[in-house]
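Before any comments, here is the structure.
A short reminder: the numbers here are calculations on the coordinates, not readings from a lab. Remember, predicted model here, so these are calculated numbers, not experimental data. Counting neighbours? That spans all protein chains shown, and the Cβs are built from the backbone with ideal geometry, glycine included.
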Amino acid sequence: MRPTGCEANMLDLLWLIPAFPLGGFLLLVLAGWCLPRKGVAAVGVGTVGIAAILALMVAVAFALSAPTNHAYSQQLRIWFSVAGLSPSVSLYLDALSLIMVLVVTVVGFLIHLYSVEYMADDDGYCRFFAYMNLFVAAMLTLVLADNLVLLYLGWEGVGLCSYLLIGFWYREPTNAKAAIKAFVMTRVGDTAMLVGLFLLFHSFGTVQIQEILQRAPQEWAAGSTLALLAAALLLAGAVGKSAQLPLQAWLPDAMAGPTPVSALIHAATMVTAGVYLIARTNVLFTLAPAVQSAVAVIGVGTLLLGGLSALTQFDIKRVLAYSTISQIGYMFLALGVGAWSAAMFHFVTHACFKSLLFLAAGSVILSAGHEQNMLRLGGLRRELPLTFWTFLIGACSLASLPLVTAGFYSKDEILWYVWSSERGAAWLWLGGLAGALITAVYSFRMVFLTFFGKAGTLVTHRNGTAIRVPLIILAVLSVIVGFVQLPDTFGDVRLFSRVLDTALPKVVTGAVSHATEVILQVVAAAACLVGIGVAILIYLKRPDYAETLAETPAGSVLHRFWRAGWGFDWLYHQCFVRPFLWIARVNRNDFIDLFTDAVSLTAGLANDALRITQTGRVRQYAAGIALGAIVALWIVVLR
Amino acid sequence: MLRREDAMNSVFYISAAVAILSTVMVITRLNAVHALLYMIVSLLSVALIFFVLGAPFAAALEVIIYAGAIMVLFVFVIMMLNLGERARTQEALWLKPGTWMGPSLLALVLALELVYILAGTGVTPVTPAEITPKQVGIALFGPYLLGVELASLLLLAGLVAAYHLGRRAGQSDSGTGDKS
Amino acid sequence: MASLPMEHGLILAAILFSLGLAGVLVRRNIIFMLLSVEIMLNAAGLAFIVAGYAQGQPDGQVMFIFILTMAAAKVSVALALVLQFYRGFKTLDVDAADRMRG
């Protein structure tokens, strides 16, 4: 239903939002090699910038015009029509996808701007911006998709771009291996998701998401096998893409890509595609309570795993990677207890502060001559003041420093709903709380190791405007974005959830008293402060205490275990890689080769046989001719 | 009463026998010159057969060119090579009875096939007629003129090739430089 | 003139031809091989003459003349080659020239 007025024209521009980055990609691929660097940057950043502006305009129009069902649908064309399946390239805009579009385009634009300076020395400048533009286009397709097939197209598109960008510096073999690892692991999830899509299409005869979500409660009973199966398969896809248990091992290795890539893809947007998927198909998860509980359990397990691993890493980017895994665990936890809008709120704040942290870390890395080991950095707060302050703001937001940071409000809301929701449980809340403590410890560990203490590496590069501006903007956002959703105790601002409640169901809470809420908030705030205190104690005041702890027998075992990502790489190597290699080795000379070998063998044999006739002797050739004549005459005679 | 045709037929059969016998001798002799002489006998009998078949011009040509020029050429070359007794013993070595088996078999099969084809077609009666050289000449310079020209070209080519190929290695072309 | 059935003449040509073939296949001396080839050519010419006799046309003799011309040219070239062969290989064994084997 199209709203009237000039807002209607505004909303019609929806298709331009993914179209501009896609156009940028095509332009850079076809003609980028002949554009100067400035031209490439203008195209690469400009298209995403225009998309961001359009997104803002569309958001304003959407807010003002309030279309029916709080959703706007724009059909562009029928994609294909085969045997009853005719998905169309159509875009669906509601509050959920609008939030995602805004985050992707605005944060994406800032990161593209940052990359102009970060990647300025790289030979693959044009290729980089082409891939980044393609990624933004694919991500926008994913979130704006009206039907499952188009969503899957976007899903695969972001997976492809992730592979291309992780392995951007492909001449280094480890980078290529990391890219393949990421792709293969997410592939496992993608395949499960595809089976889930088949199941949904088979059951409902349509791929339109909204239609499925409307019909599912009517046709499937809650807890029925089909619902459980479909939800579980979709969960598998989400787990793969969002790097949760058990498919989380690819994300730390994905840090082999350039830092802007890590910021955009592996912090702010692609890894949250799983969260988006679950939020979008929330009806199916509500119909499958067991799977929804599994989501929460996966969330809490991952956040603890990620947090403890982040505590022991020395590479600054790997800390942030494990931190991302952990924070998305929080989002999964929220989804698992039915707090849909809280999960999205945390997604928005996380996008802001995590990309800020990555960009600031990138600035550190660039300034220190590509040094990523925190033990070799140090004392940088005097040399890089802007980076220090923005990093500090990001770390505070990550640690959810009470009252002043956006991270506090979003994490607090999640913890509140984990406790109070009908589907929540106390042990889940405890896990979240422990995670909050650990988060505070490792985020300030990062700050202290990198910016305080003795100077480690010399600073060789000073940041230009293209790096400073995004850092400042993201720092500001990391603080103020939280103020759109304040809990009861602080003024009960419900801007965010009110918007999202038009698209997502409200969380069902049990009866919890106001006092409990205050106590919980205080406890959560205390956890954060205790964590910061611990970090100050260990890493600022007595830096060698951490070493001593790590050298105790229990400590060293735990340290190595957590450092290796809880042994998942080793586990997968034993369970999957080694048997596969064994099978491949054993089956090296399987009979399939025989078919092709037979051809060459036959040719060789025939050649050797015919060689016998080539004796070089004239009389034998003459005998051959005579024989041929005899045979020919014989055929004539026989006729 | 012996008709003229019957007499001629018997001449044909006798000459045929002579031709076959002498051809067998050609291929089995060890001495090259002997083989050549038997070849000449074979050619002469074939010339007689030509004559009996009403082709006197062909008969004359067979004698003059085939037996008279080509065979003599062979004789010249053999004498030029001057192989002597060594060649004869070598031929004896090469012509063991065992080596005859394969080729004889092949030739026999071929001959049998050809004979079988020919014998099976029945007997075609022929009205004898002599074809004079004049008729042959008219045919040659009438419809077969092109063939005559081509034949002369072929002879020219053979002439040049034989001269060129027969030279000793190192012989200079024309006397532009000093012969050392 | 003879009133011979054509087939008899052709049979004679066939027999001579196979004799020549046997000679080509069994003799190792080049001179004898060339001689056997001459036998074969002669047999072919005989076949043409027999055909011309059967039809009462001069075409058979014309064809024979062409064969004769060709045989003459061929023999002269071949004997020149034999001379070169002998100078090169110092023998008239045709099996000595088997370098074109595979």
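For residue A:639 and residue A:70, compute 0.36 nm times the residue count separating them, minus their Cα-Cα distance, and round to one decimal in nm.
Between residue A:639 and residue A:70, full extension yields an extra 196.0 nm.
Name the shape class, rounded, prolate or oblate, that the alpha-carbon gyration tensor gives for segment B:33-143, where a ≥ b ≥ c are the square roots of its eigenvalues, rounded holds for a/c under 1.5, and otherwise prolate holds if a/b is larger than b/c and oblate otherwise.
oblate
Quote the charge dipole size of the protein assembly as shown about the Cα centre in Debye, to the nearest 20; the model charges only the Cβ of Lys and Arg (+1) and of Asp and Glu (-1).
In total the dipole reaches around 1700 debye.
List the lysines whose Cα lies under 20 Å from the Cα of residue A:317, skipping any in the same chain that are fewer than 8 positions away.
Of all the lysines, those that pass the test against residue A:317 - Cα under 20 Å, at least 8 places apart if same chain - are A:177, A:181, A:241, A:354.
Taking only Cα atoms and a 10 Å spring cutoff, compute GNM fluctuations for chain B and point out the largest among B:143, B:125, B:133.
For chain B, modelled as a Gaussian network with Cα springs under 10 Å, the answer is B:125.
Taking Cα atoms, how many degrees apart are the long axis of helix A:618-638 and the longest axis of chain A, rounded to 10 and kept between 0 and 90?
80
Could the peptides B:76-82, A:346-352, A:330-336, A:449-455 be put in order, highest first, of the mean number of other beta-carbon atoms found within 10 Å of their residues? Working shown, then result.
Details: B:76-82: 14.4, A:346-352: 27.1, A:330-336: 30.4, A:449-455: 18.0.
The peptides rank, most packed first, as A:330-336, A:346-352, A:449-455, B:76-82.
Can you bin segment A:540-639 into rounded, prolate or oblate? Criterion: square roots of the alpha carbon gyration tensor eigenvalues sorted a ≥ b ≥ c, rounded for a/c under 1.5, prolate for a/b above b/c, oblate for the rest.
It comes out prolate by the Cα gyration axes.
Write out the chymotrypsin sites (Phe, Trp or Tyr not before Pro) in segment A:418-449 meeting two conditions: DSSP loop, and at most 11 other Cβ atoms within 10 Å of their Cβ.
Of the chymotrypsin sites (Phe, Trp or Tyr not before Pro), not one in the loops of segment A:418-449 has a Cβ with at most 11 other Cβ atoms within 10 Å.
Please state, to two decimals, what the Cα-based radius of gyration of segment A:431-489 comes to when divided by 2.2 N^0.38 Å (N = residues). List each step's numbers first, then the result.
On the way: Rg = 16.5 Å, N = 59, 2.2 N^0.38 = 10.4 Å.
That ratio works out to 1.60.
Of B:26, A:96, A:463, which is farthest towards the positive pole of the protein assembly as shown's charge dipole, taken about the Cα centre with +1 and -1 on the beta-carbons of Lys, Arg and Asp, Glu respectively?
The residue sitting most towards the positive pole is B:26.
State, as an integer percentage, the relative contact order of chain A based on alpha-carbon contacts under 8 Å between residues 6 or more apart. Before the final figure, lay out the partial values.
Values: 1039 pairs, mean separation 74.4, N = 639.
About 12 percent, as a whole number.
So if I restrict to the alpha-carbon atoms in segment A:453-516, what is the Rg, and what is Dmax, the biggest pairwise distance, in Å?
20.5, 58
How many angstrom separate the Cα center of segment A:566-634 from the Cα center of segment A:460-533?
69
Given a 10 angstrom Cα cut-off, can you work out which residue in B:13, B:116, B:144 is the most mobile in a GNM of chain B?
Of the options given, B:116 has the highest mean-square fluctuation.
On average, how many beta carbons from a partner chain sit within 10 Å of the beta carbon of a residue in B:44-56?
Per-residue shielding by partner chains comes out at 5.
Pick out, from A:378, A:395, A:336, the residue whose Cα sits farthest towards the positive end of the charge dipole of segment A:304-425, with +1 on the Cβ of Lys and Arg and -1 on the Cβ of Asp and Glu.
Final value for the positive-end residue is A:378.
How big is chain C by Rg and Dmax over its Cα atoms, in Å?
Just the Cα atoms of chain C yield Rg and Dmax of 16.9, 55 Å.
Excluding residues on the same chain fewer than 8 positions from residue A:38, give the aspartates and glutamates whose Cα lies under 18 Å from its Cα.
A:117, A:121, A:122, A:123
Would you mind counting up the charge near residue A:455? Only other residues with Cβ under 14 Å from its Cβ, with Lys and Arg at +1 and Asp and Glu at -1.
Spelling it out: positives minus negatives among the neighbours equals +2.
Roughly how many whole Å is it from the C-alpha centroid of segment A:61-124 to that of segment A:252-278?
What the calculation gives is 17 Å, centre to centre.
Classify segment A:222-307 as rounded, prolate or oblate, taking a ≥ b ≥ c as the square roots of the eigenvalues of its Cα gyration tensor: rounded when a/c is under 1.5, otherwise prolate if a/b is larger than b/c and oblate if not.
It is prolate, given that a/c is not under 1.5 and a/b is the larger ratio.
Relative contact order for chain C using alpha-carbon pairs under 8 Å, separation at least 6, rounded to a whole percent?
26
For every helix of n ≥ 4 consecutive DSSP H residues, a contribution of -39,500 (n - 2.57) applies; sum these over the protein assembly as shown, divide by its total residues, and give [θ] at 222 nm rounded to the nearest 500 deg cm²/dmol.
Value at 222 nm, helices only, nearest 500: -23500 deg cm²/dmol.
Give me the angle, in degrees from 0 to 90, between the Cα long axis of helix A:514-535 and the longest principal axis of the Cα atoms of chain A, rounded to the nearest 10.
70
Which FRET efficiency value, to the nearest 0.05, do you get for residue C:84 and residue B:138 by plugging their Cβ-Cβ distance into 1/(1 + (r/R0)^6) with R0 = 51 Å?
Efficiency at R0 = 51 Å is approximately 0.75.
Identify all lysines with a Cα-Cα distance to residue C:74 below 27 Å; exclude those on the same chain that are fewer than 8 residues away in sequence.
Within reach: C:90.
With everything on Cα atoms, drop me the angle between helix A:592-611 and the longest principal axis of chain A, reported from 0 to 90° to the nearest 10.
30
Using the Kirkwood radius built from alpha carbon pairs, what does the Stokes-Einstein equation give as D for segment A:70-195 at 4 °C and 1.567 mPa s, in µm² per second? Kindly include the intermediate steps, with their values, before the conclusion.
Details: Rh = 16.2 Å.
For these conditions, the coefficient is 80 µm²/s.
Could you tell me the ratio Rg/Rh of the protein assembly as shown? Both radii from Cα atoms, Rh via Kirkwood.
Here the Rg-to-Rh quotient is 1.40.
From the C-alpha gyration tensor of segment C:1-48, pull out the three semi-axes of the equivalent ellipsoid (sqrt of 5λ each), sorted largest to smallest, in whole Å.
25, 9, 6
Can you tell me the relative contact order of segment A:160-262? Whole percent, Cα pairs under 8 Å, sequence separation 6 or more. Spell out each step's value before the answer.
Working: 113 pairs, mean separation 40.5, N = 103.
Once normalised by length, the contact order is 39 percent.
Taking the alpha-carbon centroid of each part, what is the distance from segment B:96-173 to segment B:37-67 in angstrom?
13
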